[in-house]
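Q: Attaching a single structure in C-alpha cells format; questions to follow.
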Amino acid sequence: MKMMKQMACAALAAAVAVGITGCGDKNSSTGSFQPKVAEGAIAALVARPMENTSLAPLCKQYGLCVTDLMKQASDKDAQEIIKELGLDKAENKWIAVTLFPVSAEKLEDPDFAVAIATSVDLDKAVAYAQSKEKQKIDKATIANVPAYVAVDGEKPKAYMANLDKQLILVASTSAGLEKLIALYRDGKGASADFGSFALGANDVIRLKVAKVGENVKKALPDPGMLKMVNNVVPDGDKIVQGLGAVELACGASDDGKNIKLDLSLDTAADADADKLVTFAKTGLMALTAQMKEGAEKDADAKAAYEALQAVKIEAKGKVATLAVSTAADAALKAIADKAKELK
C-alpha cells in the first residue's frame with residue numbers, strides 16, 4: 001500500500017537522522033526539549049539511539065554504536081554526506097514520528113510530523129541537498145520561524161524548521177509544522193490522548209496508537225473488509241472495532257543485562273481480551289515447537305527458541321498483554337554478526 005510505503009520511508013529517514021550519533025552521553029548538549037505529541041494525532045513513535053541507554057557497554061563491545069556502523073559503509077556517496085555534514089560528530093537524543101487521522105479518501109497521502117532532537121545543522125543539510133542532490137527547496141517563514149519547503153515538481157512535499165539549533169521539525173503540511181512549532185516553542189496544543197506518552201529511562205522505542213477501532217473504521221474504504229479478520233480470530237472484526245489504545249515499548253533493563261519488549265491492547269470487554277490471548281498463545285505454541293526442531297543445530301534458532309520460551313501472554317481485565325525479556329549480550333552479538341554478514 002502506498003500509504004504504508006510513505007510512512008515507512010518517513011520513519012526510516014527520521015531514524016537515520018536521529019541515528020547519526022556516536023556512543024554519546026544521553027544527556028548531551030542538544031537541549032532540554034522532550035518528545036511531545038500534537039493534538040489530533042492518532043499514532044506516535046518515539047525512539048533514541050540504542051547506545052544512549054544501559055546497553056551502551058554492549059554496543060561498544062560489539063561495534064554497534066552508529067558511528068561504528070557508519071565507518072563500515074562502503075558507499076562513497078554515503079561517506080561524502082557523513083564527511084560534509086559532520087554526521088559522525090553529531091549529537092542526538094531522540095526522534096518522534098507522529099501520524100494524523102487517515103480517512104478512506106486520504107489513504108494515499110497521510111499527514112505526518114517528525115521532531116528530532118539533534119545538533120545536525122539543517123541549513124547545511126539543505127544547502128547540500130540543493131547543490132549535490134539538485135533538490136528544489138524554497139525558503140519560507142512559518143509561525144515567525146525561518147523554514148524550508150521541499151518541492152516535488154510544483155507540489156510541496158515537506159516543511160522543515162530548526163528551533164534554537166536543537167530541534168529539527170518536519171511536517172507534511174505547513175499547518176502541521178505550525179502545530180509542531182506551537183507545541184515545542186510555546187507549549188501549546190498537546191494531545192490529551194498521549195498525555196503520559198514518553199520514553200522510559202532505558203527505552204529504545206515506544207509506540208502508541210490511540211482509538212484504534214475508531215480510526216480503523218474511518219480509514220477503511222470498505223467496512224466489510226474487517227470481516228476477513230474473522231478467518232483468524234472469532235469475532236475479530238468486532239474486537240478490532242472495539243480496540244482502544246495499543247502500546248509497545250522495547251528497551252533494556254536498568255542493569256543492561258536484558259532486552260525487554262512489552263505490548264498491550266485495550267479491548268472493549270474482558271471476553272475480547274481473552275480471545276486475543278487464546279489466539280496469541282496458540283500461535284506462540286506452534287512457533288515455539290517449530291523453532292525447537294532446529295534449536296539443537298543452529299545458534300540463531302536456539303536463541304529464538306529461548307526468547308519464545310520467555311514470552312508471557314495474559315489478559316488483565318480488558319487489556320491483553322505480551323511481555324518478553326531476553327539476554328541482551330546474546331541478542332546484540334547476534335545483531336553484530338548479522339551486520340558483518342551484510343558488509
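Q: May I ask you to give the percent of accessible area on the chain that is carbon plus sulfur, with a probe radius of 1.4 Å?
A: 56
Q: Something else: Let me have the relative contact order for the chain, percent, based on Cα pairs under 8 Å that are six or more residues apart.
A: Value for the chain: 16 percent.
Q: Give, in nm to one decimal, the length gained when the segment between Q79 and D274 is fully stretched (0.36 nm per residue of separation minus the Cα-Cα distance).
A: This chain segment gains 65.1 nm when fully extended.
Q: From the cross-link list K155/K208; K275/K338; K188/K217; K93/K281; K218/K316; K71/K124, which pairs have alpha carbons spaced over 26 Å apart?
A: Result: K155/K208; K275/K338; K188/K217; K93/K281; K218/K316 exceed 26 Å.
Q: Can you work out the PRE-style zone for D186? Point 7 Å along Cα to Cβ, and I want the residues of the range 39-53 with backbone N under 17 Å.
A: Answer for this model: 39-40.
Q: Cβ under 13 Å from I168's Cβ, I168 left aside: what net charge do those residues give with Lys, Arg +1 and Asp, Glu -1?
A: That works out to -1.
Q: With the crude spin-label approximation of a point 7 Å out along Cα→Cβ, what separation in nm comes out for D300 versus T173?
A: The modelled label-to-label distance comes out at 4.3 nm.
Q: Roughly how big is the range 229-290's charge dipole about its Cα centre, with Cβ charges of +1 (Lys, Arg) and -1 (Asp, Glu), in debye to the nearest 20?
A: Rounded to the nearest 20 debye, it is 260 debye.
Q: Right, next: Which of the helices in the chain, when you take each full DSSP H run, stretch at least 30 Å along the axis at their Cα atoms and have an average Kyte-Doolittle score of 0.0 or higher?
A: Helices meeting the span and hydropathy rule in the chain are 270-295.
Q: Might you tell me the accessible area per residue for the chain, computed with a 1.4 Å probe and given in Å²?
A: Accessible area per residue: 54 Å².
Q: For a quick protection proxy, order the peptides 290-296, 335-341, 38-44 by their average other-Cβ count within 10 Å, most packed first.
A: Descending mean neighbour count gives 38-44, 290-296, 335-341.
Q: Additional query: Students often check this: by mean Cβ neighbours within 10 Å, which of 118-127, 230-239 ranks highest, and how do the rest follow?
A: Most protected by this proxy first, the peptides run 118-127, 230-239.
Q: While we're looking at this one, here's another question. Given the C-alpha centroids of the range 93-155 and the range 220-251, what is the distance between them in whole angstrom?
A: 32
Q: Expressed as a rounded percentage, what relative contact order does the range 37-134 have, with Cα pairs under 8 Å and six or more residues apart?
A: For the range 37-134, the relative contact order is 31 percent.
Q: Same structure again: Can you pull the Kirkwood radius for the chain, inverse mean 1/r over Cα pairs, to one decimal in Å?
A: 22.0 Å is the Kirkwood radius here.
The values are calculated or read from the model by the stated rules, or taken from the named source; none is laboratory data. Because the structure is predicted, anything quoted here is derived from the model rather than measured. Cβ coordinates were reconstructed from backbone atoms using ideal geometry, including for glycine residues, and neighbour counts include every protein chain displayed. Heads up: the accessible areas ignore ligands, DNA and RNA and are worked out on the full protein's heavy atoms, side chains in. Shrake-Rupley method; radii C 1.70, N 1.55, O 1.52, S 1.80 Å.
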